[in-house]
Amino acid sequence: MPELPLREDAARIAGEIADLRHAIHREPEIGLDLPKTQDKVLGALDGLPLEVSTGQGLTSVTAVLRGGRPGPVVLLRGDMDALPVTEETHLPYASVIPGAMHACGHDLHTAMLAGAARLLSDRQAELPGTVIFMFQPGEEGYAGARHMIDEGVLDAAGERPVAAYALHVASNRLPCGVFSTRGGPMLAAADQITVTVRGRGGHASTPHRAADPIPAACEMVIALQTLVTRHFDVFDPVVITVGSFHAGTADNVIPDEARFLATARSFSRESRSALAELVPRLIGDIARAHGLTAEADYAREYPVTINDAGEAAFAGQLIADVFGTERGEAAQFPLTGAEDFSFVLDEVPGAFVMLGACPPGQDPETAPSNHSAVAVFDDAALADGTALYAELALRRLAQG
Ligand SMILES: [Zn+2]
Ligand SMILES: [Zn+2]
């Protein structure tokens, strides 16, 4: 199939996109405050015909490109933050900061989005509408997208976007260069359950004179698994994993309290609401049954990432047209990870697209996953990821 100019242009600037990516990778920053990363993005956008603004409560960058022809607004998002992981890849551009690593590939997203801003700026005159480039800190647990929405990113162009797209690389599962998306749920909602069971401590030899929180807390852990299998439709699954459980100090002492933490993953707004209601009730009822009290805090963290069916189909068709059908995969199932791009997709229809970046010579099935200290994302994905961002904006604007 004939190559399209945007894809060729992206390949032409691939070296510069890789240089930016490596610079960001070397100096990873975590959370909402990423001043060095922000500087690098501002440097990459310098001289382009963009309206650039920066965040108040976080180091975000919002850039608006107004095309020479009338049309709607489309938003493209790239996250910029790293993880609290010490890198062990020994790559030439590996992190120089102990305890921080771009282990989720957000350095690629930032560099690709800056590349797309450049490619689309070159086409400003013929661009039929406006593009918002959303450079976002704090994806990894800080809800940076929600902060940017609160600070007005969706209104940055003066009117709401008709569509929003995000790209995410994967160091495993997908072969390098293969895109994957689906309509409907794309990623799980992730919520945190914090349980404190309060009893009355005492001597372990006379439990009848105390109120032991440990057996009741153990019962709660098991009951949560029963809740998952007995209250939820098997075709609208739920995952609850207790990842932390603490109580007591010695074999002969009954403690006053037991405490555990769990993550709850769900794939529909209905199941998520049901979890938020049923989990605290179950915990409270078990505690009462044993004459104890318990607090169960159900903290809603990231919503379900739900791709709009039409926008996901549009992205899938675009991938087939631009890169060939062999480069696109219709994901059969959602992923059990979570994403704060979900906050954007709760307001604007759009699609979240995965892109394989598994390095050559590694089997995607066994390669280290995102978040691993040895995860490697191949530069070969950069040009086509950049082209995808730019094509999504250009072709979606052309649709009106
Ligand atoms: Zn991640
Ligand atoms: Zn990520």
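Please specify each residue of region 154-174 satisfying the condition of being in contact (Cβ under 8 Å) with a residue 12 or more places away in the chain, away from ligand 1 (no atom under 15 Å from the Cβ) and among the charged types (D, E, K, R).
Glu159, Arg160
Considering only residues that are among the charged types (D, E, K, R) and not in a strand (DSSP E or B), look in region 245-259 and name the one that is farthest from Met186 (Cα to Cα).
Applying the filter and picking the extreme gives Asp251.
Quick test of your reading of the structure: Pro334 fulfils all but one of (1) of a type outside the set (Phe, Trp, Tyr); (2) surrounded by fewer than 18 Cβ atoms within 10 Å (Cβ to Cβ); (3) closer than 25 Å to Glu140 by Cβ. Name the failing condition by number.
(2)
If you go through region 1-46 one residue at a time, how many are outside any helix (DSSP H, G or I) and in contact (Cβ under 8 Å) with a residue 60 or more places away in the chain? Even if it seems obvious, please write down each step before you answer.
Initial filter on region 1-46 (outside any helix (DSSP H, G or I)): 1-4, 13, 27-34, 46.
Okay, now just the ones that are also in contact (Cβ under 8 Å) with a residue 60 or more places away in the chain, so 1, 4, 13, 27-34.
Number satisfying all stated conditions: 11.
Across region 107-153, what is the number of residues that are touching a strand residue (DSSP E or B) at 6+ places or on another chain (Cβ under 7 Å), in contact (Cβ under 8 Å) with a residue 60 or more places away in the chain and away from ligand 2 (no atom under 16 Å from the Cβ)?
Residues that pass the stated criteria total 13.
Need pairs with beta-carbon distance below 6 Å; first residue buried (at least 21 other Cβ atoms within 10 Å of the Cβ) and within region 299-328, second of a type in the set (S, T, N, Q) and in a helix (DSSP H, G or I); sequence gap 6+ or separate chains.
Tyr302/Ser342; Pro303/Ser342; Thr305/Ser342
Would you mention how many residues in region 66-85 are surrounded by 23 or more Cβ atoms within 10 Å (Cβ to Cβ) and under 20 Å from Glu391 (Cα atoms)?
7
What tally of residues in region 1-39 results from selecting those that are over 25 Å from Val322 (Cβ atoms) and touching a Ser or Thr at 6+ places or on another chain (Cβ under 8 Å)?
Going through region 1-39 one residue at a time, the tally reaches 12.
Take the residues of region 86-111 that are more than 16 Å from ligand 1 (Cβ to nearest atom) and under 20 Å from Val41 (Cβ atoms): which is surrounded by the most Cβ atoms within 10 Å (Cβ to Cβ)?
Ranking the candidates gives Ala111 first.
Those residues that are assigned to a loop (DSSP other than H, G, I, E, B) and farther than 26 Å from Gln399 by Cβ, I need them from region 47-83; list them, please. Lay out the reasoning, then the answer.
Let us first name the residues in region 47-83 that are assigned to a loop (DSSP other than H, G, I, E, B), namely 47-50, 55-60, 67-68, 80-81.
Scanning region 47-83 gives Gly47, Gly55, Gln56, Gly57, Leu58, Thr59, Ser60, Met80, Asp81.
Conditions tested, residue by residue: (1) among the basic types (Lys, Arg); (2) touching a Lys or Arg at 6+ places or on another chain (Cβ under 8 Å); (3) farther than 28 Å from Asp150 by Cβ; (4) modelled with pLDDT under 95.
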position: Ala313; (1), (2), (3), (4): no, no, yes, no
position: Gly316; (1), (2), (3), (4): no, no, yes, no
position: Thr325; (1), (2), (3), (4): no, no, yes, no
position: Ala338; (1), (2), (3), (4): no, yes, no, no
position: Ser342; (1), (2), (3), (4): no, no, no, no
position: Leu355; (1), (2), (3), (4): no, no, yes, no
position: His371; (1), (2), (3), (4): no, no, no, no
position: Asp379; (1), (2), (3), (4): no, yes, yes, no
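If you check Ala320 against the conditions, is it among the small types (Gly, Ala, Ser), farther than 22 Å from Pro137 by Cα and under 17 Å from the mean Cα position of the chain (by Cα)?
The answer is no for Ala320.
In region 171-212, which residues are closer than 17 Å to Ser369 by Cβ and polar (S, T, N, Q)?
The answer is Ser171, Asn172, Ser180.
Does at least one position in region 91-100 carry a residue that is within 16 Å of ligand 2 (Cβ to nearest atom) and among the hydrophobic types (A, V, I, L, M, F, W, C)?
yes
Quick grid of which residues meet (1) of a type in the set (S, T, N, Q); (2) part of a strand (DSSP E or B):
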{"site": "Asn172", "(1), (2)": "yes, no"}
{"site": "Ile193", "(1), (2)": "no, yes"}
{"site": "Ile214", "(1), (2)": "no, no"}
{"site": "Cys218", "(1), (2)": "no, no"}
{"site": "Leu227", "(1), (2)": "no, no"}
{"site": "Phe235", "(1), (2)": "no, no"}
{"site": "Gly243", "(1), (2)": "no, yes"}
{"site": "Leu261", "(1), (2)": "no, yes"}
{"site": "Ile283", "(1), (2)": "no, no"}
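Residue by residue through region 285-317, note down the ones that are within 30 Å of Pro349 (Cα to Cα), in a loop (DSSP other than H, G, I, E, B) and either out of contact with any helix residue (DSSP H, G or I) (no Cβ under 6 Å at 6 or more places or on another chain) or β-branched (Val, Ile, Thr) (or both).
Val304, Asp308
Output the residue which, of all residues in region 135-164 that are assigned to a loop (DSSP other than H, G, I, E, B) and surrounded by 23 or more Cβ atoms within 10 Å (Cβ to Cβ), is farthest from the chain's Cα centre (by Cα).
Ranking the qualifying residues of region 135-164, first place goes to Pro161.
Looking at region 327-369, which of the residues that are assigned to a strand (DSSP E or B), over 19 Å from Ala264 (Cα atoms) and of a type in the set (A, V, I, L, M, F, W, C) is farthest from ligand 2 (Cβ to nearest atom)? It would help to see each step written out before you state the result.
Taking region 327-369 as the starting set, the residues that turn out to be assigned to a strand (DSSP E or B) are 328-330, 335, 350-356.
After this cut, where a residue has to be over 19 Å from Ala264 (Cα atoms) as well, the list is 328-330, 350-356.
Checking which are of a type in the set (A, V, I, L, M, F, W, C) leaves us with 330, 351-355.
Values: Ala330: 21, Ala351: 16, Phe352: 11, Val353: 13, Met354: 10, Leu355: 12 Å.
Selected residue: Ala330.
The values are calculated or read from the model by the stated rules, or taken from the named source; none is laboratory data. What you see is a predicted model, and the numbers here were worked out from it, not measured in a lab. Backbone-built Cβ (ideal geometry, glycine too); neighbour counts: all protein chains shown.
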